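This report refers to the structure that appears directly beneath it.
The values are calculated or read from the model by the stated rules, or taken from the named source; none is laboratory data. Keep in mind it's a predicted model, so treat the numbers as computed, not measured. Note: ideal-geometry Cβ built from the backbone for every residue, glycine included; neighbour counts use all protein chains shown.
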Amino acid sequence: MNDTPNTPIPFLEALRQIEALTLRIRQERLAAFETVEETYAEVQRLRLVLLARVAALRSVAG
């Protein structure tokens, strides 16, 4: 992805990417294991981004 500390990926865009990547995993299954493995790793990375954003919002709000 193109996100950096200065230009982080927008929250909703990360959610859309997770949805698209999850669909791709379901479609490809084991037929393309290497691709699915890379896609799953990207989903995990995006989830970490989202969790960090939620934690930051909670700390500001709380």
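Sort out which residues of segment 38-53 are more than 8 Å from the chain's Cα centre (by Cα) and free of Cβ contacts under 8 Å to residues at least 24 places away in the same chain, and write them in order of number.
Within segment 38-53, 38, 39, 40, 41, 51, 52 meet the criteria.
For residue 18, only one of the following conditions fails: (1) surrounded by 14 or more Cβ atoms within 10 Å (Cβ to Cβ); (2) at pLDDT 85 or above. What is its number?
(2)
For the structure I just gave you, tell me whether residue 35 is at pLDDT below 85, under 10 Å from the mean Cα position of the chain (by Cα), part of a helix (DSSP H, G or I) and not aliphatic (A, V, I, L, M).
In short, no.
Is segment 45-61 home to any residue that is part of a helix (DSSP H, G or I), modelled with pLDDT under 85, surrounded by 12 or more Cβ atoms within 10 Å (Cβ to Cβ) and not hydroxyl-bearing (Ser, Thr, Tyr)?
Scanning segment 45-61 turns up no residue that is part of a helix (DSSP H, G or I), modelled with pLDDT under 85, surrounded by 12 or more Cβ atoms within 10 Å (Cβ to Cβ) and not hydroxyl-bearing (Ser, Thr, Tyr).
Taking the conditions exactly as written (surrounded by 11 or more Cβ atoms within 10 Å (Cβ to Cβ), part of a helix (DSSP H, G or I) and modelled with pLDDT of 85 or more), does residue 12 satisfy them or not?
no
Take residue 29 and tell me if it is of a type in the set (Lys, Arg) and either at pLDDT below 85 or touching an Asp or Glu at 6+ places or on another chain (Cβ under 7 Å) (or both).
Answer is yes for this residue.
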